[in-house]
Amino acid sequence: MNYKRRRLLLAGASLAAAGSGCIPMAVHAQAALLRKKIPSSGEEIPIIGLGTARRYESAGGALRDTLERFGALGATVIDTAPVYGQAEAVVGDLLEQLALRPRLFLATKVSTSGREAGVQQIEQSFRRLRTGKIDLIAVHNLRDTQTQLQTLRELEKQRRIRYVGITTSSDRQYAEFEATMRREALDFIQVDYALDNRGAAERILPLAAERGMAVMINLPFGRGRLFDAVRGKPLPAWAGDFDCRSWPQFFLKYIVSHPAVTCAVPGMARPQYVEDNLGAARGRLPDAAMRLRMERFIDGI
Ligand SMILES: NC(=O)c1ccc[n+]([C@@H]2O[C@H](COP(=O)([O-])OP(=O)(O)OC[C@H]3O[C@@H](n4cnc5c(N)ncnc54)[C@H](OP(=O)(O)O)[C@@H]3O)[C@@H](O)[C@H]2O)c1
């Protein structure tokens, strides 16, 4: 479909959706995945990626099928870390087997103290991920931030990495996290945010927008906590107003519809999770009024 025709269809969808509590983003279920821009470069990435904590600590299970499905559906962003057991090596091996590396956006972290230890850990990530270029490396949980950022900037200059960032998943670190965001020029931040865990929206997400930083969201389901909250409950009928067909899509669409959020990385180790969760990157997204309704809904159960 050419660009003009797509714009016309989107405009039509926009008119049809006016006043219905949703932002029209695409016109049918098999549309390409929605993407958002990384502010520092303008590069667009799909709004749903994949996290590898816990379930990728050792090879096995359905991991190969999961990554195969992920690539086949056009998703690109994979988040890992050197401290997730064997996750980097498992991902590196599988991507090589599946010949997927060139199509993916690989994010990992540096998670140690001291310059030499950081350099060694990063070199190990290149080896384990079986790649000469890592798209994003972030300082994990603000561990020795100044030292590790210096190393990351050198690697960026050498064009071995493309983006630099910081991560946290604990509100106890938010004050230091904000101070680092104000002090440093960062391409990405990664922070915890979920429908029942909205603290990051108070200051961190607005600050990221102000500072032109891309935002990757970790723990989008609160490690599964949100599923326990809605167990046995039917999806509200109004979820259809933003093309939502499951609870995982409900939780993910809430996150990625925040204007400052670039993508979310739900943990997924099963192909059916990939199928379901990538549905959150298609169709309409909730608008501001609908997002409030979603918050009231979850706060009420
Ligand atoms: N500080 C940091 O940098 C930091 C901290 C935490 C996480 N992270 C990143 O964020 C990623 C996400 O966090 P997380 O994996 O711990 O938690 P999460 O994404 O909030 O929850 C993942 C769990 O939700 C369940 N799930 C996923 N999709 C589902 C679906 N469609 N239907 C039903 N259940 C589904 C799975 O549980 P089961 O596997 O039990 O079925 C999965 O393990 C991590 O993998 C990691 O990459 C970064």
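Taken together, the values in this text are just the output of simple stated rules run on the coordinates, not laboratory data. Keep in mind that what you see is a predicted model, and the values were worked out from it rather than measured. So basically every Cβ, Gly included, is an ideal-geometry build from the backbone, and we count neighbours across all protein chains shown.
Table for the structure above
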read-out	value
Fully extended contour minus Cα-Cα distance, from Glu43 to Ala72, at 0.36 nm per residue	8.4 nm
Relative pair counts by distance (%), Cα atoms of region 203-262, 10 Å bins	20, 43, 29, 8, 0
Difference of contour (0.36 nm per residue) and Cα-Cα distance, Ala117 to Gln146	9.1 nm
C-alpha center-to-center spacing [region 31-83, region 100-158] in angstrom	17 Å
Inter-probe distance in nm under a simple model that places probes 7 Å from Cα toward Cβ, at Ala175 and Arg153	2.6 nm
Most mobile of Asp187, Asp144, Asp228 in a GNM of the chain (Cα contacts under 10 Å)	Asp228
Span-like helix ranges in the chain, DSSP H, alpha carbon extent 20 angstrom or more, Kyte mean at least 0.0	3-17
Virtual spin-label span in nm between Arg54 and Arg183, 7 Å along Cα→Cβ	3.2 nm
Kirkwood hydrodynamic radius over Cα pairs of region 144-245, then Stokes diffusion coefficient at 4 °C and 1.567 mPa s, in µm²/s	83 µm²/s
Helix-only mean residue ellipticity at 222 nm for the chain, each DSSP H run of n ≥ 4 adding -39500 (n - 2.57), per residue, nearest 500	-12000 deg cm²/dmol
Modelled FRET efficiency - R0 41 Å, Leu98 with Asp196, Cβ distances, 0.05 increments	0.75
Karplus-derived 3J(HN,Hα), 6.51/-1.76/1.60, for each residue of region 32-41, Hz, glycine and proline x	4, 5, 5, 10, 10, 8, 7, x, 6, 10
Trypsin sites (Lys or Arg not before Pro) restricted to region 196-233 and DSSP loop, no more than 14 other C-beta within 10 Å	Arg203, Arg231
